[in-house]
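Structure record follows, encoded as structure tokens.
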Amino acid sequence: MYGLFLRHYYLIKSSLPRILDLIYWPTIQIILWGFISKFFSIHSDYYSNTLGVILTCAILYDILFRSSISFNMLFLEEIWSRNFTNLFIAPLKLKEIIVSLIFTALIRTLIGLVPAIILTSPLFGVSILKLGLPLLFLFLSLYLFGITLGLFVSSGLIRFGPSFENIAWSSLFLLAPLGCIYYPIEILPDLFQVIAKCLPLVYIFDETRNILLNGSIDYINLKQAYLLNLIYLIIGIFLFYLSFLRARIKGTLINMGE
Amino acid sequence: MKRPLEVIGLSKAYNIKEVVKDVSFKLNQNEIIGILGPNGCGKTTTIAMILGLLKPSKGKVLVSGVEIENQRVDLLDQLNFISPYIELPKKLTVRQNLEVYGRLYDVNKLKTKIDYLTEKLRLYEFIDKLTGDLSSGQKNRVSLAKSIINDPKVLLLDEPTASLDPETGDFVRSFLEEYQKENKTSILLASHNMAEVERLCSSVLMMNKGSIIDEGKPEELIKKHGRKNMEEVFLKLTREKV
């Protein structure tokens, strides 16, 4: 028994990422639920339809989550199956890889989300479709940000190899408290508000709540979200190309998956 | 006609450590050159630079007279590669894998090509099985099929018969001989199997500690070093100080 304990103890002790990983998840969960609790304790009468707003926001957040994870999974599956090198010696341009991943991620996202969207109506009487046409804009904006995050993480995987895998899973949860999915930005401390305003999520979810509560749409929020999305997408694509170049210099592509 | 592959003064350094030093050679059409050397001597690094997976610190790789650094993706169409350290997706059937790579290499008449490979490499028994369920010998034949799906001008083989039983190993070597004659393919073969190198290669590059320490026809090298076979030549050269 002690031998088995030692085996895991040595593994954890020798790996800072593993220790950080152990600390990371509870910290993020506590921060997220702390802000949610704070919001509802101050504004208990804020929503007349709390369930509808929370569930709609949860589903929208899942669009971001699924699209990003789908993008990353496509990359990780090639690493896990040790097929990575085969792909990079095929006559494929980087832009072709990016475009094919974007479309495949869309299909994976829809396969995961459509059943969840259908289920919420009979189970909870909530339909995301009540958002109407703006849902399309919100969906596209979240999808764009999701694949942008996927590009960031995939760039890390190309550059640093499979050891970057944990970041793929944890990056999205870091954004949950800052993205103001379930509460307005005012709930965050001042410093966090400054960071949060740099994320398109704040504008997307603020607008979602606005549509659900007031039945009107504020295009300024959407424009702001799309502008930020565009900036991050350009940075993501640049980073992807840069990582590939660095990986060719450092030799990461050769040993990937071994 | 442009030479399929030419490597000129190729070097690779990680920080200050030079792992490949000034490697040069020419691979003509219809020729098989072997690269021999102990583990870590720079064989795989050299192949990775030829494939454009690794950026050389110095020197250049010319594929059909064009430097790979300038037109990597266009030239990859003329190359292909097999290594025991690289696998095909396990959850796809053999046929699905060949379809995927046929598309990636933009192969014309793909179905006919897959039928041809199935026949030649005896894949028919497991063509619709999951690749992950195959034995290592069967996987090796599938990887070989993938590596020639685009009829590459230059085929790079990194230990193509490693961990295979003698019968499968012999089948692979016989197939390569036949395929090379039929298609006039140029092959660069990195191997630890000296008998394989003697049988297949018209010329051999001996590498140690990142450099080519000797080269020539196998029979010439055996004679030059006064040994009985390539294995003895290999041991003599790799035990000498560079």
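Every residue, every condition in (1) of a type outside the set (A, V, I, L, M, F, W, C); (2) part of a helix (DSSP H, G or I), yes or no:
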position	(1), (2)
A:Pro162	yes, yes
A:Glu186	yes, yes
A:Val194	no, yes
A:Cys198	no, no
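Please find, among B:Val19, B:Val61, the residue that is at the interface with chain A (Cβ under 10 Å from one of its Cβ atoms), in a strand (DSSP E or B) and touching a strand residue (DSSP E or B) at 6+ places or on another chain (Cβ under 6 Å).
From the options B:Val19, B:Val61, the qualifying one is B:Val19.
Based on this model, can you work out whether B:Glu198 counts as part of a helix (DSSP H, G or I) and either touching a helix residue (DSSP H, G or I) at 6+ places or on another chain (Cβ under 7 Å) or closer than 26 Å to B:Val66 by Cα (or both)?
So B:Glu198 fits the description; yes.
Counting only residues that are part of a loop (DSSP other than H, G, I, E, B), touching a residue at least 60 places away in the same chain (Cβ under 8 Å) and not charged (D, E, K, R), which one in segment B:75-117 is nearest to the other protein chains (Cβ to nearest Cβ)?
Restricting to residues being part of a loop (DSSP other than H, G, I, E, B), touching a residue at least 60 places away in the same chain (Cβ under 8 Å) and not charged (D, E, K, R), the top hit is B:Tyr85.
Give A:Ile111, A:Ile97, A:Ile118 a once-over and let me know the one that is free of Cβ contacts under 8 Å to residues at least 12 places away in the same chain and within 14 Å of another protein chain (Cβ to nearest Cβ).
The conditions single out A:Ile97.
For the list (1) modelled with pLDDT under 95; (2) of a type in the set (Lys, Arg); (3) touching an Asp or Glu at 6+ places or on another chain (Cβ under 9 Å), I need the number of the one condition that B:Lys2 fails.
(3)
Of (1) crowded, with 22+ Cβ neighbours inside 10 Å; (2) assigned to a loop (DSSP other than H, G, I, E, B), B:Met1 satisfies all except one. Which?
The failed condition is (1).
The values are calculated or read from the model by the stated rules, or taken from the named source; none is laboratory data. Since this is a predicted model, take the numbers as computed values, not measurements. When we count neighbours, we look across all protein chains shown, and the Cβ atoms used for this are built from the backbone with ideal geometry, even at glycine.
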